[in-house]
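All remarks here apply to the structure that follows.
Bear in mind that the values in this text are calculations on the coordinates, not laboratory data. Just so it is clear, the model here is predicted, and its values are computed rather than measured. Using ideal geometry, Cβ is built from the backbone for each residue, glycine included, and neighbour counts are taken over all protein chains shown.
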């Protein structure tokens, strides 16, 4: 079995809310299948022909139908390709979907979200598909839209569609599939690239004026739909990170992150006020506050233990994240608990966790904090903002995160 790479959902920090449930997971390893299931474009038919009707109705034949007008449809047959493997992503729980994704919402918004809001997803039921070459170098390419249980893709009148120079059809999905390839690879020297949109046939385009506009952006012929290590895929509600097998081999493991946590705790950092010894909880208990939990003033980075200063509140209550004055330097800003970033695939290096992302308080290496604070992630249907990869909370305008200042033990 060959591992092509992995898709990791941003905001999961090692596991999705509620835990792994079947195909609704925080990550998907793309490995070679026992039998190739890839497809490639074949014959093109007007909808009125018997061949078109057979392609749409057949349970064994993949096809894409383009509604050109109310009375005209173009059907493209897709034939079996023994050289590729296909993986599909979307909100649907039907069998053809390999990774079921739902809207990723920051914890703060999740707490105040109603059931009605939770049902209003902007992610397509059949969002996209990834085709991997079975032979080296195992190139992985992304395409908008995925085949349903009948092995069909239907693009209605409202979908942006056109004929290509060679006479074939192409289109964009309703809310689109956006891709961003990092510059200089996914490493400590990485820089964010430019967001593009990929079409149903794998074309690359500049972004539309709005996410669901019926006019496509200009084609970008100098770029391709081939994924590289660190590519981001946005499905309008959830963003995925693509890591190649080669890139993951150079990424710190969970064991390495655990060793860094133990090394940090071995230094016995102290609260400079209460003089108690602080310790980051184990990765398994990463979301459960502990009485030794480190807290930090994000305006200055001074690390303390939890203190209520005159009116103790439940440290788990979000209202606690108010503006507070640091007793060490008098800087005023958010006062939050610190949590180690547990998803190793989000790290651009293997350095110790020294910086906190603000205002969520997730701790990671300096270069990792710097990279993610510069990445503009799609937000809603037309906005972009930097967000924490571990919890997807919007980041403050302070670039590079906050350098943490630990108090060494006095003894």
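In the chain, the longest principal axis of the Cα atoms and the axis of helix 254-266 are about 10 degrees apart. Net length available on complete extension from residue 256 to residue 214 is 10.4 nm, with 0.36 nm assigned per residue and the Cα-Cα distance removed. Secondary-structure-derived ellipticity at 222 nm for the chain, considering helices only, amounts to -2500 deg cm²/dmol, per-run term -39500 (n - 2.57) for DSSP H runs with n ≥ 4. Its residues counted as N, the range 254-403 yields a C-alpha radius of gyration over 2.2 N^0.38 Å of 1.02. Taking other C-beta atoms within 10 angstrom as a stand-in for reagent exposure, 184, 374 fall in the order 184, 374, fewest first. Per residue, the convex hull spanned by the Cα atoms of the range 133-286 amounts to 212 cubic angstrom. Normalising the Debye intensity of the chain to I(0), with uniform scatterers on Cα atoms only, and taking log10 at q = 0.06, 0.11 Å⁻¹ returns -0.28, -0.83.
Take the Cα of residue 36, step 7 Å toward its Cβ, do the same at residue 263, and the gap between the two points is 4.5 nm.
DSSP beta bridges fully contained in the chain are about 90 percent antiparallel.
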